[in-house]
1. Test residue 113 against the criterion of being in contact (Cβ under 8 Å) with a residue 60 or more places away in the chain, farther than 21 Å from residue 3 by Cα and crowded, with 17+ Cβ neighbours inside 10 Å, and give yes or no.
2. For the condition open to solvent by 70 Å² or more (accessible area, probe 1.4 Å) and part of a loop (DSSP other than H, G, I, E, B), what is the one hit in 67, 52?
3. Out of the residues in the range 20-49 meeting the condition of being assigned to a loop (DSSP other than H, G, I, E, B) and among the small types (Gly, Ala, Ser), tell me which one is nearest to residue 191 (Cα to Cα).
4. Evaluate the range 117-130: report whether one residue or more is among the hydrophobic types (A, V, I, L, M, F, W, C) and either at positive phi or open to solvent by 70 Å² or more (accessible area, probe 1.4 Å) (or both).
5. Out of the strands (runs of 3 or more DSSP E) lying entirely within the range 72-185, which hold 2 or more residues that are of a type in the set (A, V, I, L, M)?
6. Looking only at the range 168-186, which residues are surrounded by 20 or more Cβ atoms within 10 Å (Cβ to Cβ) and in contact (Cβ under 8 Å) with a residue 40 or more places away in the chain?
7. Evaluate the range 229-238: report whether one residue or more is out of contact with any helix residue (DSSP H, G or I) (no Cβ under 7 Å at 6 or more places or on another chain), assigned to a strand (DSSP E or B) and aromatic (Phe, Trp, Tyr).
Amino acid sequence: MPTIKLILEYDGTAYAGWQRQPDQPTIQEAVEAALFGVTRINVPVIGAGRTDAGVHALGQVASFRIDREMTPREWTRALNAHLPNSIVVRSAAHMPDTFHARHSATGKLYEYRVLNRPERPAVARDYCWHIHRPLDEAAMNHAGLALIGSHDFSSFQTQPTDNDDPICHLRRFAVRREGDRLWIEAYADRFLKQMIRSIVGTLVEVGLNKRSPDSIHAILNARDRSAAGKTAPPQGLFLVRVDYD
C-alpha cells in the first residue's frame, strides 16, 4: 500500500493544535477530512510534530497509507481544493513503506518570534510574542549556549506527558535581532512537550535581567519544571522544517 508524505503549512490560530480532539477543531482533523473528501475513505494521518494550540507551521510533515494511484501533483491539488485557507499542502511525495512522519524524523527546526518594542503589534499579533521592555539578546544567546548538546530537559517539559525519555540532543540554538524583532531558533533530534516555549520564557527572563545567563546549568540539573521560567505564549512559535535521512 503506497505511503504518501505531505509537507504542510498552516496558521494555527484557530486550531486546538495538531492532534485530533473531541469537539475542537484541529489540524489533523482538517487534513483527514480533506483526505476523505478526495478519496471517500477514512484514513489516519500522522504528523511529525504535535504542535500545540495556536502554534504555526511552515514545514510540518505528515504521512498516510492508502491504496490509491495518484501522482504527487494530483494529491497536492486535490487536497488543497478541500482544505481551508489556513492550511495548505506545499508538496506531496511517494515514500517507501518504512517511512513514518514522526518515527523516521531525524531533526526538527523551530523558530520563535518576539516583537520587542514599547508599542503593541496590530498586524502581527497572532504571530509573535510582544515584549515591551528592552531585551538583552546577547545575554539570551549566552544562556542558550548551555542548552546545546544532549541533556535531560525535564525542567523545560510541561506535564502531564506520555514521553518517558527526557533526553534530547539540541544541535543548534541562536537568538538574533533585526531592529525590534528577535528570532529564536532551535534545532534538535526531538523536543519534549512545550519545551521550546518553556526555554523561550526562561530566556526572556534572562533578557529582562530577571535571571543570570549562567543559571541555565542549575535549571537543567534541577530536572524540575518549577526551576525554569514561565511558558511563552503559543502564537510566536513556528515549526519550520522536519529532516529525514
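1. Details: in contact (Cβ under 8 Å) with a residue 60 or more places away in the chain: yes; farther than 21 Å from residue 3 by Cα: yes; crowded, with 17+ Cβ neighbours inside 10 Å: yes.
Yes: the conditions hold for residue 113.
2. On the way: 52 fails: open to solvent by 70 Å² or more (accessible area, probe 1.4 Å).
Selected residue: 67, the only one of 67, 52 that is open to solvent by 70 Å² or more (accessible area, probe 1.4 Å) and part of a loop (DSSP other than H, G, I, E, B).
3. Quick first cut of the range 20-49, residues assigned to a loop (DSSP other than H, G, I, E, B) only: 20, 22-23, 25-26, 40-45, 48-49.
Narrowing further to those that are among the small types (Gly, Ala, Ser): 48-49.
Numbers: 48: 11, 49: 9 Å.
Result: 49.
4. yes
5. Values: elements: 87-95, 105-116, 129-131, 149-152, 167-178.
Output list reads 87-95, 105-116, 167-178.
6. Correct list: 182, 184, 186.
7. Checked the range 229-238: at least one residue is out of contact with any helix residue (DSSP H, G or I) (no Cβ under 7 Å at 6 or more places or on another chain), assigned to a strand (DSSP E or B) and aromatic (Phe, Trp, Tyr).
The values are calculated or read from the model by the stated rules, or taken from the named source; none is laboratory data. Because the structure is a prediction, the values reported are computed rather than measured. Here the Cβ is made from the backbone with ideal geometry for all residues, glycine too, and neighbour counts use every protein chain on show. For the accessible areas, the whole protein counts, side chains as well, though only heavy atoms, and no ligand, DNA or RNA atoms are used. Shrake-Rupley method; radii C 1.70, N 1.55, O 1.52, S 1.80 Å.
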